[in-house]
Amino acid sequence: MRTFTSALLTAAAVLSVACVAQAADAPAKKAAAAHKLPDWKGVWNPHERNIFDPGAFTDPRNAGKTNAADMREYPPYNAVWEAKYVKLLEDNKKGIPTDPHANCLPGGMPRTIVIPYPHEWVVTPEVTYFLLEETSAVRRIFTDGRKHPAPGDAVPTFQGHSIGHWEGDTLVADTVGMMGEGSVVYDVTAAPHSDKVHTVERIRRISKTQMEDIMTIDDPVAFTKPWVIKRTYDLKPDWVIQEYVCEQNNRNPINSDGSTTTGVVKQ
């Protein structure tokens with residue numbers, strides 16, 4: 001009995017030492033993991049102009065147009081959603097407000113990646129933060145192994161719910177749970193998407209001065225097939241992020257009758 005008890009005490013002592021050593025080693029492992037992560041520090045700004053798919057600028061169907069607001073996207077809409085987009089484009093031409101962003105609503109995902117304001121990336125082992133100057137928006141891409149909320153538990157938000165993992169120096173980000181029609185659009189052309197939109201991004205630094213984001217968008221409600229776009233961002237070493245409070249300096253709000261401070265009245 002005495003030998004058995006002694007063995008138990010010895011085993012407990014060994015286990016205790018092992019636990020203490022493991023706990024003490026945790027910060028070191030965390031630091032080592034962080035050291036392997038890419039360096040994305042700095043202020044970055046969209047390289048392409050304010051339209052979701054940069055290919056729209058060279059699309060022959062937009063020939064002769066130079067302003068993004070006068071162009072249109074060509075997402076793989078089904079017939080119903082193509083008709084919705086055509087109606088919004090017609091309203092744009094009439095001067096009828098179609099962009100919820102004009103009322104100080106956040107751009108939201110996936111529009112967040114194209115908004116022409118600078119942003120910062122903060123990379124940690126558990127989460128990567130996308131800090132956007134516009135509306136001081138914060139996007140979190142969790143890389144701690146968590147899953148998306150169950151469909152019945154998910155409440156749509158402007159930035160949605162993003163989880164990701166690293167493939168070398170590339171962050172693969174998967175986002176669901178975004179706001180849909182009536183609250184957000186893809187860009188200034190008012191191209192709409194549903195609240196079932198799902199994006200997968202491959203984000204990486206391609207040079208000392210440029211980042212790349214290749215996004216695949218799937219919308220089972222609005223699309224006939226996935227839509228793939230590529231965006232790039234330029235490092236701005238001399239820039240700093242400024243405070244942006246739209247509600248404090250909203251120059252063109254939409255009133256209840258559809259009018260704005262620029263004098264446009266909804267027909």
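Matching residues to (1) outside the structural domain of D53 (by TED's automatic domain parsing); (2) over 12 Å from the mean Cα position of the chain (by Cα); (3) surrounded by fewer than 19 Cβ atoms within 10 Å (Cβ to Cβ); (4) not polar (S, T, N, Q):
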site: K93; (1), (2), (3), (4): no, yes, yes, yes
site: I96; (1), (2), (3), (4): no, yes, yes, yes
site: V114; (1), (2), (3), (4): no, no, no, yes
site: G145; (1), (2), (3), (4): no, yes, yes, yes
site: A154; (1), (2), (3), (4): no, yes, yes, yes
site: T157; (1), (2), (3), (4): no, no, yes, no
site: G160; (1), (2), (3), (4): no, no, no, yes
site: A173; (1), (2), (3), (4): no, no, no, yes
site: V176; (1), (2), (3), (4): no, no, no, yes
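Quick check on my filter: what residues within the stretch 66-91 are without any contact (Cβ under 8 Å) to a residue 60 or more places away in the chain, among the hydroxyl-bearing types (S, T, Y) and surrounded by 13 or more Cβ atoms within 10 Å (Cβ to Cβ)?
The one that is without any contact (Cβ under 8 Å) to a residue 60 or more places away in the chain, among the hydroxyl-bearing types (S, T, Y) and surrounded by 13 or more Cβ atoms within 10 Å (Cβ to Cβ): Y74.
I'd like to verify a number: residues in the stretch 178-203 that are small (G, A, S) and crowded, with 21+ Cβ neighbours inside 10 Å, how many?
Of the stretch 178-203, the ones small (G, A, S) are 180, 182-183, 190-191, 194.
Then keep just the ones that are crowded, with 21+ Cβ neighbours inside 10 Å; that gives 190-191.
Final tally of qualifying residues: 2.
Of all residues in the stretch 211-267, count the ones that are assigned to a loop (DSSP other than H, G, I, E, B) and modelled with pLDDT of 75 or more. Spell out how you get there, then give the answer.
Of the stretch 211-267, the ones assigned to a loop (DSSP other than H, G, I, E, B) are 219-222, 224-226, 236-245, 249-253, 255-259, 261-267.
Now drop any that are not modelled with pLDDT of 75 or more, which leaves 219-222, 224-226, 236-245.
Residues that pass the stated criteria total 17.
So for the stretch 119-142 (the condition being surrounded by 17 or more Cβ atoms within 10 Å (Cβ to Cβ), more than 18 Å from the chain's Cα centre (by Cα) and under 20 Å from T232 (Cα atoms)), does at least one residue qualify?
Checking the stretch 119-142: not a single residue is surrounded by 17 or more Cβ atoms within 10 Å (Cβ to Cβ), more than 18 Å from the chain's Cα centre (by Cα) and under 20 Å from T232 (Cα atoms).
Given the criterion surrounded by 14 or more Cβ atoms within 10 Å (Cβ to Cβ), closer than 27 Å to L131 by Cβ, in contact (Cβ under 8 Å) with a residue 24 or more places away in the chain and small (G, A, S), identify the matching residue among G42, G55.
On the way: G55 fails: closer than 27 Å to L131 by Cβ.
Going through G42, G55 in turn, just one is surrounded by 14 or more Cβ atoms within 10 Å (Cβ to Cβ), closer than 27 Å to L131 by Cβ, in contact (Cβ under 8 Å) with a residue 24 or more places away in the chain and small (G, A, S): G42.
The values are calculated or read from the model by the stated rules, or taken from the named source; none is laboratory data. Source: prediction; values computed, not measured. Every residue, glycine among them, receives a Cβ derived from its backbone with ideal geometry; neighbour counts consider all protein chains shown.
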